[in-house]
Amino acid sequence: NAGVTQTPKFQVLKTGQSMTLQCAQDMNHNSMYWYRQDPGMGLRLIYYSASEGTTDKGEVPNGYNVSRLNKREFSLRLESAAPSQTSVYFCASSERLAGWNSYEQYFGPGTRLTVT
Amino acid sequence: ELKVEQNPLFLSMQEGKNYTIYCNYSTTSDRLYWYRQDPGKSLESLFVLLSNGAVKQEGRLMASLDTKARLSTLHITAAVHDLSATYFCAVDSPYGGSQGNLIFGKGTKLSVKP
């Protein structure tokens, strides 16, 4: 049981290049999320997917697209990278806590992206 | 505007001392989450507080929730170096229905020194 996995771990892009960050979970969770973490800013939600086939914008979606390929996989794409997208990106998945309308999130190891 | 504010943002303390981290939030959420992040690592769930008055303890850490005051505390007892990390609180976002979206505080970076 690997939990939430992300690839790549590190990436350097030049301004204008595109790339896709991959995320997969093996916990059979319905909901998946992409966050970015910047120094002193906590985590901010980029996009989320409540279930296979659905995606919605979070707090900071501009410059990103996502695909929920199947129940396991949720990818994040940067079509034209900008220096402002230099950040650490975390993928997470969640399950509903039994008996509660509440969810506990499990995070992947992160991708450190630098855009020059 | 929805806010989750942690205080302090930086905390340097000596081993053996006690201290409390505060998390104030502006929504009517009655659930609150605490996470730990070691440098260069991912986030690890510490506590899930699901109702007013909830208290959870693990080792030297104890978390509590007062939904009327919209306040959660993370109390550290007799700190040890291994507790050095960044601690985040988070609440359910009022947006996106009940799909588990969270709003995070900016984190409290704790450094425990001998």
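Scanning the stretch A:69-93 for residues that are farther than 15 Å from residue A:55 by Cβ and of a type in the set (Gly, Ala, Ser) yields A:80, A:81, A:82, A:84, A:87. Within the stretch A:42-49, can one find any residue that is under 29 Å from residue B:109 (Cβ atoms) and more than 8 Å from chain B (Cβ to nearest Cβ)? Scanning the stretch A:42-49 turns up at least one residue that is under 29 Å from residue B:109 (Cβ atoms) and more than 8 Å from chain B (Cβ to nearest Cβ). Taken together, the criteria exclude residue B:78 from residues that are in contact with a Pro (Cβ under 8 Å, 6 or more places away or on another chain), more than 9 Å from every other protein chain (Cβ to nearest Cβ) and at pLDDT 95 or above.
Looking at this structure, is residue B:57 polar (S, T, N, Q), farther than 30 Å from residue A:6 by Cα, out of contact with any Gly (no Cβ under 6 Å at 6 or more places or on another chain) and modelled with pLDDT of 95 or more? Show your work before the answer.
Details: polar (S, T, N, Q): yes; farther than 30 Å from residue A:6 by Cα: yes; out of contact with any Gly (no Cβ under 6 Å at 6 or more places or on another chain): yes; modelled with pLDDT of 95 or more: yes.
Judged against the criteria, residue B:57 is a match.
Of the residues screened, residue B:69 is not one that is part of a loop (DSSP other than H, G, I, E, B), more than 8 Å from every other protein chain (Cβ to nearest Cβ) and farther than 19 Å from residue B:5 by Cα.
Looking only at the stretch A:13-28, decide whether some residue is free of Cβ contacts under 8 Å to residues at least 24 places away in the same chain and either part of a loop (DSSP other than H, G, I, E, B) or of a type outside the set (Phe, Trp, Tyr) (or both). Give the steps one after another, and end with the answer.
Taking the stretch A:13-28 as the starting set, the residues that turn out to be free of Cβ contacts under 8 Å to residues at least 24 places away in the same chain are none.
No.
Among the residues making up the stretch A:60-109, those that are away from every other protein chain (no Cβ under 14 Å), assigned to a loop (DSSP other than H, G, I, E, B) and not charged (D, E, K, R) are A:62, A:63, A:69, A:70, A:80, A:81, A:82, A:86. Residues being within 22 Å of residue B:87 (Cα to Cα) and either in contact (Cβ under 8 Å) with a residue 12 or more places away in the chain or not charged (D, E, K, R) (or both) are entirely absent from the stretch A:76-84.
Each row is one residue, and each column tells you yes or no for (1) out of contact with any Asp or Glu (no Cβ under 9 Å at 6 or more places or on another chain); (2) of a type in the set (Asp, Glu); (3) surrounded by fewer than 13 Cβ atoms within 10 Å (Cβ to Cβ).
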{"site": "B:1", "(1), (2), (3)": "yes, yes, yes"}
{"site": "B:19", "(1), (2), (3)": "yes, no, no"}
{"site": "B:45", "(1), (2), (3)": "no, no, no"}
{"site": "B:56", "(1), (2), (3)": "yes, no, no"}
{"site": "B:59", "(1), (2), (3)": "yes, no, yes"}
{"site": "B:72", "(1), (2), (3)": "no, no, no"}
{"site": "B:77", "(1), (2), (3)": "yes, no, no"}
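Conditions tested, residue by residue: (1) exposed (fewer than 13 other Cβ atoms within 10 Å of the Cβ); (2) farther than 30 Å from residue B:7 by Cβ.
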residue: A:9; (1), (2): yes, yes
residue: A:14; (1), (2): yes, yes
residue: A:17; (1), (2): no, yes
residue: A:85; (1), (2): no, no
residue: A:104; (1), (2): no, no
residue: A:108; (1), (2): no, no
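Annotation: residue B:36 fulfils all but one of (1) closer than 30 Å to residue A:51 by Cα; (2) out of contact with any Phe, Trp or Tyr (no Cβ under 8 Å at 6 or more places or on another chain); the unmet one is (2).
The values are calculated or read from the model by the stated rules, or taken from the named source; none is laboratory data. For clarity, every value in this text was computed on a predicted model and none was experimentally measured. Because the Cβ atoms are built from the backbone with ideal geometry, glycine has one as well, and the counts that use them run over all protein chains shown.
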